């Protein structure tokens, strides 16, 4: 008889700004199987955002207490929340989803579902870039290891895309919204290099 499937708390975030989204192609830099991820930037002075962050803290506290009870009431080392403050006073929350789940006996591929503002599932979603406005549906997954301690991860399940800023690979200047200024600073040699490129 197989063990009962674990049930995790599912939460939907408020609307925030996507930072470094990897929602359509998983990142394989640190995991050969790939990981989908996004940082959701929120303004903690907003009441809805503040309430949401408090709910994450509460979920982490409950998970920590449950893990301590499992270990016979022993006080355990704690991990930080997947939440960090930025220099400009905003808060970024990290969501992840492994592209491959399971174990050696049984494994499967997975990816976050992407919905548009009307609720339509996008079978071929656009290349969502930083600055897009999104909401994230996720599961709160408690974990514990002797080395790092007890904490929670936020397992992304789906994303609602409300405002799109499409990422253009290789367009490292325009993609950031910059425009050339002929009166501003120009690096030494840049003018000569541009002239050389135009020689036929």
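Hey, among the residues in region 89-111 that are part of a strand (DSSP E or B) and more than 15 Å from residue 40 (Cβ to Cβ), which one's modelled with the lowest pLDDT? Only one residue fits best here, namely 102.
Filtered by the rule that a residue be touching a strand residue (DSSP E or B) at 6+ places or on another chain (Cβ under 6 Å), touching a residue at least 24 places away in the same chain (Cβ under 8 Å) and surrounded by fewer than 16 Cβ atoms within 10 Å (Cβ to Cβ), region 87-110 gives a lone residue, 100.
Pairs are defined by a Cβ separation below 6 Å, a sequence spacing of at least 6 or placement on different chains, a first member in region 140-157 that is at negative phi and surrounded by fewer than 20 Cβ atoms within 10 Å (Cβ to Cβ), and a second member that is at pLDDT below 90 and assigned to a strand (DSSP E or B); the pairs so defined are 140/9. In the set (1) farther than 24 Å from residue 46 by Cβ; (2) at pLDDT below 95, residue 86 fails one condition alone, (1). For region 159-171, filtering for residues that are modelled with pLDDT of 95 or more and surrounded by fewer than 17 Cβ atoms within 10 Å (Cβ to Cβ) leaves 2. Annotation for region 124-138: at least one member residue is surrounded by 17 or more Cβ atoms within 10 Å (Cβ to Cβ), more than 16 Å from the chain's Cα centre (by Cα) and either more than 20 Å from residue 27 (Cβ to Cβ) or touching a residue at least 24 places away in the same chain (Cβ under 8 Å) (or both).
Looking only at residues in region 4-44 that are in contact (Cβ under 8 Å) with a residue 12 or more places away in the chain, out of contact with any helix residue (DSSP H, G or I) (no Cβ under 8 Å at 6 or more places or on another chain) and part of a loop (DSSP other than H, G, I, E, B), the one that is surrounded by the most Cβ atoms within 10 Å (Cβ to Cβ) is 34.
The values are calculated or read from the model by the stated rules, or taken from the named source; none is laboratory data. Every value quoted in this text rests on a predicted model; they were computed, and no experiment measured them. Because the Cβ atoms are built from the backbone with ideal geometry, glycine has one as well, and the counts that use them run over all protein chains shown.
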